[in-house]
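The next block holds one structure in the form of C-alpha cells; read it before the comments.
What follows draws every value from the coordinates through simple rules; no lab data is involved. Nothing here was measured: the structure is a model prediction, and the numbers come from that model. Cβ placement follows ideal geometry from the backbone for every residue including glycine, while neighbour counts extend to all protein chains displayed.
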Amino acid sequence: MVWVALASSRISRWLAQAGIRLLPLGLKTGVVAEIGDGPALIALRADIDALPIDEATDRPWRSQQPGIMHACGHDVHTTVMLGVALQLKQREATLPGQVRILFQPAEETFNGARQLIDAGALEGVQAIFGLHNAPDLPLGTLRTRPGAFYANVDRFVIRVKGKGAHAARPQEGIDSIMIASHIVTALQTLPSRVFSSLETVVLSVTRFTAGNTWNVLPETVELEGTVRTHNSEIRAQIPQRISALIEGIAAGTDQHPRLGGCGAGTGAGNGVSGRACSHTADGRRRFRFLSATGTCGAFVSIGSASKYGLHHAGFDPDEALIEPAVNYFTRLAPRALQIVAAQ
Ligand SMILES: [Zn+2]
Ligand SMILES: [Zn+2]
C-alpha cells in the first residue's frame, strides 16, 4: 500500500508538472487525470500496482524494493499511459472532446476497479479502452476481440481441520495434509471432467499452507486458489461444486476432519462441516468490471515478448513496446472521441 501510494504521488506530480488537470476524487491510491474539453468523453486505463515477488532480472529499472515487483508489467502500462497523457496534452487544443486517464490501483487484488467506479471516475464516460502487455505475443503485436476479453476471477480458501499427531503415530490423529492433498487433486476434475471441455474453466491451487516441522502431523491445512470462468452459469455453480467435492473426500476417509471454508458453515453429516467459499470479484478481469458498467470499450493486449510469463520473478517485458503503444493510444483517443461525439 505504501509503495502504491508512492507511485500515485509520483504519477500525480509528473502529470501536474505537465499542466494536466487531476480529478479530486479522494482516492487513497490511484490517479485520474483529464485532458481536453467538450461533451464527448472517453477514458483510457492503465494499472499501477505491484506483486509481493523478489525481482530476478538485472535490468537497470528493476525494482528497488525487495519483495515488491511489477511482475505483471504494470510499470510498463503506467509508463505508456503517462506517455499518452503527455502526447495528448500537446494536442489538447485539437482534441474533439475530453480524455480521462485512469491509473487504477489494486488490479491484482480485484477491488481497484470498484474503487474507481465508486469514486465517480467513470461518470459521463462514453467509451473506455484498457491495455495489458502479453508476454506470449511478439513485439509490435496488438490483440483485441469482440465480447468478453478476460475471464471472471474468483478466489477460494479451503481450511481442512484434522487432528495433530506424532508423525510416527498417524493413527492417533487426523491427517489434514493427506486429506488436503486429495482435495487438490480432486479439484482438477472440475475443469477436466465436470464441465464441458468447450467451456473455459481454469482452476489453480496456489497456496498450500501446513505444518512447521518434520515430525508432527499438523492439525490444519489451508488451501487457497482461484477459478477463472467466462460462462456466468458455470461460475455460479463453482462454490457448491467445490463444497460437494471436498465433503465427498472427507466422507470417503475413515477419519472425519472438519472442512471449514471462509463462508458460512453447513452441517453436512459424516462429521463434515463447513463449505468452500468463493470470493467473487469481477475482473480485469477487473477491466471487464469497468466495461461491464454499461460503458462500451475495448481491451488491447500488447506484445511484450518476455521469456518468462506474467507474475514470474524473471518477467521482463521488452521496453521497446512503449513508444508504439503510446503512439497507438494517442491516435486512438481523438478517433474514439469523434465516434462517440457522432453517436
Ligand atoms: Zn497480474
Ligand atoms: Zn496485470
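Using the Cα gyration tensor of the stretch 114-263, with a ≥ b ≥ c the square roots of its eigenvalues, what is the shape: rounded (a/c below 1.5), prolate (a/b larger than b/c) or oblate (neither)?
Cα axes put the stretch 114-263 in the prolate bin.
Considering the dipole of the stretch 39-111 built from charges on the beta carbon (Lys and Arg +1, Asp and Glu -1) around the Cα centre, which of Thr78, Ile42, Gly67 is farthest to its positive end?
Going by the charge dipole, the pick is Ile42.
Would you mind getting me the FRET efficiency between Glu123 and Arg207? Use the beta-carbon distance for r and R0 = 35 Å, nearest 0.05. The partial results should precede the final answer.
Details: r = 38 Å, r/R0 = 1.08.
It comes to 0.40.
Ordered by residue, what ³J(HN,Hα) values in Hz, to whole numbers, does the stretch 87-96 give under the Karplus form 6.51 cos²θ - 1.76 cosθ + 1.60, where θ = phi - 60° and Gly and Pro are x?
My calculation for the stretch 87-96 gives 5, 5, 4, 5, 9, 3, 5, 9, 5, x Hz in order.
What is the stretch 1-89 by shape, rounded, prolate or oblate, if you read a ≥ b ≥ c off the alpha carbon gyration tensor as root eigenvalues and call it rounded for a/c under 1.5, prolate for a/b larger than b/c, and oblate otherwise?
Because a/c hits 1.5 or more and a/b exceeds b/c, the stretch 1-89 counts as prolate.
Please say if the stretch 76-191 is rounded, prolate or oblate, where rounded means a/c under 1.5 for a ≥ b ≥ c the square roots of the C-alpha gyration tensor eigenvalues, and otherwise the choice is prolate for a/b larger than b/c and oblate otherwise?
Numbers: a/c = 3.52, a/b = 2.81, b/c = 1.25.
Verdict is prolate for the stretch 76-191.
For Ala40, list long-range residues whose amide hydrogen, built 1.01 Å from N in the peptide plane, is under 5 Å from its own amide hydrogen.
Gln98
Net charge within 12 Å of Arg21 by Cβ-Cβ distance, Lys/Arg positive one each and Asp/Glu negative one each, not counting Arg21 itself?
Once positives and negatives cancel, what remains is -1.
Between His311 and Ala342, what is the FRET efficiency for a Förster distance of 41 Å, r being their Cβ-Cβ separation, to the nearest 0.05?
Computed FRET efficiency for His311 and Ala342: 0.50.
All other residues with a Cβ under 13 Å from the Cβ of Val201 taken together, and with Lys, Arg as +1 and Asp, Glu as -1, what is their net charge?
Residues near Val201 contribute +1 overall.
Can you pull out the trypsin sites (Lys or Arg not before Pro) in the stretch 4-57 that DSSP calls coil and that have at most 15 other Cβ atoms within 10 Å?
Sites meeting the loop and neighbour criteria: Lys28.
Can you tell me the FRET efficiency between Asn215 and Gln17 if r is taken as the Cβ-Cβ distance and R0 is 56 Å, rounded to the nearest 0.05?
0.40
Going by how many other Cβ atoms sit within 10 Å of their own, how do Met81, Met69, Met178 line up, fewest first?
Numbers: Met81 27, Met69 22, Met178 17.
Going from sparsest to densest Cβ surroundings: Met178, Met69, Met81.
If we count other beta carbons within 10 Å of each Cβ, what is the order of Phe195, Phe129, fewest first? Mind showing how you got there, number by number?
On the way: Phe195 19, Phe129 22.
By the 10 Å Cβ count, ascending, the order reads Phe195, Phe129.
Could you name the aspartates and glutamates whose alpha carbon sits less than 19 Å from that of Lys163, not counting residues in the same chain fewer than 8 places away?
Glu172, Asp175, Glu219, Glu222, Glu247, Asp254
With the Cα gyration tensor of the stretch 176-235 in hand, give its eigenvalues times 5 under a square root as the equivalent ellipsoid semi-axes, listed largest first in whole angstrom.
They are 30, 11, 7 Å, listed from largest to smallest.
What is the sum of charges around Val157, taking Lys and Arg as +1, Asp and Glu as -1, for the other residues whose C-beta is under 9 Å from the C-beta of Val157?
+1
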